[in-house]
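Engineer: Below you will find the structure I want to go over with you.
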Amino acid sequence: MDSNTVRLVSSFYKYKKVGNPIILQQKQLALCKLLNLKGRILIGEEGINGSVFGLKSNVEKYKKELRKNKLFKDIEFKEQETEKQAFRKLFARVRKEVVNFGVEVNLKNSAPFITPRQLKETLDRKDNIVLLDVRNNYEVKIGKFRDARTLSMRNFRDLPKYLNEIEDLKEKRIVTYCTGGIRCEKATAFLKENGFKKISQLKGGILKFGEEFPDTYWEGKCFVFDDRIAIDINHKNSKKLNECVWCLEKCDDYVNCHNISCDKLFICCENCKALYNKSCSNECLKASKRRKEYPIIIGQL
Ligand SMILES: [Zn+2]
Ligand SMILES: [Zn+2]
């Protein structure tokens, strides 16, 4: 591809006390407009959490500008080239939390980091650790680390309700992971405050691990909160963890049901997408109010 037309999705976060979130929001909006970037940026007194999408050269300029702010001079980016339109709009919003958890935690209690390399070596040695996935049920359905412990929560805010399910891990060595790392910082602080002692968190999350060690311990795809819905972590043909709701063929592609009043996210193969007009059931196939081509993303981090 011509390097002038390569488009990137770049995601980032930083927990850092922001003095005036509204001023930062206005600056972010202006900067993204200037560089013709789309995406979603959440800003709060606790920090920033965002993804931007646009021409690679403009994303690079954005990163440089963001790092000029001394609060974010060491912020890290996880990025993928994409041909898909990952975002169609630009949002920069001020929120109480940049990741919605609901429970107050002291981020000073966050667990120490383990780098992708350290995790890879730990797994290579077959050390006795438990990988704990702190993502939601619809995310773990299509991809996870091999042998990871998963939870069936619908929303990150529900983690406290699932504590009793992982009681048995209190004395074990745990490594938590999520997509890019932001949820783990709150999750591990919460777990430590609730008696889990030997926890660490994967630095940079699945995305960073996938950049460095594809085709190793990850199975399936990685759910992302933009119009791509899921991305590949592995380069080789990866094991598919689920199946098409119509033909039951092994599959890990999500579709938003095109019956607007249903809107369910369901797993569907390419063939059946066309055959059943992107509907999740016979009932939805007959529905007349249908989605225009753009999927709406279900949760929002
Ligand atoms: Zn199918
Ligand atoms: Zn449906």
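Engineer: Which one of N277, N282 is at positive phi, surrounded by fewer than 20 Cβ atoms within 10 Å (Cβ to Cβ) and within 16 Å of ligand 2 (Cβ to nearest atom)?
Structural biologist: Details: N282 fails: at positive phi.
When all the criteria are applied, what remains is N277.
Engineer: Output yes when any residue across the range 246-255 is modelled with pLDDT of 95 or more, touching a strand residue (DSSP E or B) at 6+ places or on another chain (Cβ under 8 Å), of a type in the set (D, E) and closer than 30 Å to L163 by Cα, and no when none is.
Structural biologist: No, the range 246-255 contains no residue that is modelled with pLDDT of 95 or more, touching a strand residue (DSSP E or B) at 6+ places or on another chain (Cβ under 8 Å), of a type in the set (D, E) and closer than 30 Å to L163 by Cα.
Engineer: A follow-up question, please. Can you find, within the range 254-274, the residue that is farthest from ligand 2 (Cβ to nearest atom) among those that are among the charged types (D, E, K, R) and assigned to a loop (DSSP other than H, G, I, E, B)? Working first, answer last.
Structural biologist: Taking the range 254-274 and keeping what is among the charged types (D, E, K, R), we get 263-264, 270, 273.
Within this subset, residues satisfying the condition of being assigned to a loop (DSSP other than H, G, I, E, B) are 263-264.
Details: D263: 7, K264: 5 Å.
Once the filter is applied, the top-ranked residue is D263.
Engineer: Tell me the residue from E249, E219 that is under 14 Å from E270 (Cβ atoms) and either acidic (D, E) or surrounded by fewer than 16 Cβ atoms within 10 Å (Cβ to Cβ) (or both), please.
Structural biologist: Details: E219 fails: under 14 Å from E270 (Cβ atoms).
Criteria check complete, one pass: E249.
Engineer: So, one more: Determine whether F156 is hydrophobic (A, V, I, L, M, F, W, C) and more than 15 Å from P112 (Cβ to Cβ). Can you show your working first?
Structural biologist: Working: hydrophobic (A, V, I, L, M, F, W, C): yes; more than 15 Å from P112 (Cβ to Cβ): yes.
Criteria met by F156.
Engineer: Of the residues L119, L169, L123, which single one is surrounded by 19 or more Cβ atoms within 10 Å (Cβ to Cβ), at pLDDT 95 or above and not assigned by TED's automatic domain parsing to the domain that holds N20?
Structural biologist: Values: L169 fails: surrounded by 19 or more Cβ atoms within 10 Å (Cβ to Cβ); L123 fails: surrounded by 19 or more Cβ atoms within 10 Å (Cβ to Cβ).
Result: L119 is the single residue among L119, L169, L123 that is surrounded by 19 or more Cβ atoms within 10 Å (Cβ to Cβ), at pLDDT 95 or above and not assigned by TED's automatic domain parsing to the domain that holds N20.
Engineer: Where residues in the range 251-289 are among the charged types (D, E, K, R) and more than 26 Å from the chain's Cα centre (by Cα), which of them is farthest from ligand 1 (Cβ to nearest atom)? So that I can check it myself, show each step before the final result.
Structural biologist: From the range 251-289, those among the charged types (D, E, K, R) are 252-253, 263-264, 270, 273, 278, 283, 286, 289; that's our starting set.
Now restrict to residues that are more than 26 Å from the chain's Cα centre (by Cα): 283, 286, 289.
Working: E283: 18, K286: 19, K289: 24 Å.
For the range 251-289, the residue satisfying everything is K289.
Engineer: Within the group L241, L248, which residue is away from ligand 2 (no atom under 16 Å from the Cβ), over 30 Å from F77 (Cα atoms) and either under 20 Å from the mean Cα position of the chain (by Cα) or of a type in the set (A, V, I, L, M, F, W, C) (or both)?
Structural biologist: On the way: L241 fails: over 30 Å from F77 (Cα atoms).
Result: L248 is the single residue among L241, L248 that is away from ligand 2 (no atom under 16 Å from the Cβ), over 30 Å from F77 (Cα atoms) and either under 20 Å from the mean Cα position of the chain (by Cα) or of a type in the set (A, V, I, L, M, F, W, C) (or both).
Engineer: Can you find a residue that is of a type in the set (K, R), within 16 Å of ligand 1 (Cβ to nearest atom), surrounded by fewer than 21 Cβ atoms within 10 Å (Cβ to Cβ) and in a strand (DSSP E or B) anywhere in the range 230-246?
Structural biologist: No, the range 230-246 contains no residue that is of a type in the set (K, R), within 16 Å of ligand 1 (Cβ to nearest atom), surrounded by fewer than 21 Cβ atoms within 10 Å (Cβ to Cβ) and in a strand (DSSP E or B).
The values are calculated or read from the model by the stated rules, or taken from the named source; none is laboratory data. As the structure is a computational prediction, the values presented were derived from the model and not from experiment. Note: ideal-geometry Cβ built from the backbone for every residue, glycine included; neighbour counts use all protein chains shown.
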